[in-house]
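Engineer: What follows is a structure written as structure tokens; I'll ask about it next.
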């Protein structure tokens, strides 16, 4: 099955538990449609470059999935309809990187740019 990475931005007025609950919610949607969540991370509340729906900050959520295209399309459709999700970005990747994402790594642990 194809591999995907998803980044979701949720409203800033949610609690951390509610934001992390969105990961489980969208993970079950993928599982119900024949996919699975390989890894997930909660990146925390971050300031955005511009306002989205009158919000300056948002909860950032990251999912790595192994799912068919139909499952990803259904998850994206339901994410657009969900009141708490402001934006979603899905990228198809050739393989998932091992370990934490770059966002969660300490500056000393990151690879040098070439």
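Engineer: Using R₀ = 35 Å, calculate the FRET efficiency as 1/(1 + (r/R₀)^6) where r is the Cβ-Cβ separation of residue 43 and residue 1; round to 0.05.
Structural biologist: Using R0 = 35 Å, I get an efficiency of 0.90.
Engineer: Can you pull the one-decimal nm distance between simple spin-label points at residue 53 and residue 28, each 7 Å off the Cα toward Cβ?
Structural biologist: Taking the simple label geometry, residue 53 and residue 28 are separated by 2.0 nm.
Engineer: Summing -39500 (n - 2.57) over the DSSP H runs of n ≥ 4 in the chain and dividing by its residue number, what mean residue ellipticity at 222 nm do you reach, to the nearest 500 deg cm²/dmol?
Structural biologist: The per-residue figure over the chain is -8500 deg cm²/dmol.
Engineer: Just check region 20-92 against the gyration tensor rule for me: Cα atoms, a ≥ b ≥ c as the square roots of the eigenvalues, rounded for a/c under 1.5, and otherwise prolate or oblate depending on whether a/b exceeds b/c.
Structural biologist: Note, shape of region 20-92 comes out prolate.
Read-outs: derived from the displayed coordinates by stated rules, not from any lab. Note that this is a predicted model, so its numbers are computed, not measured. Every residue, glycine as well, gets a Cβ built from its backbone with ideal geometry; the counts of neighbours run over all protein chains shown.
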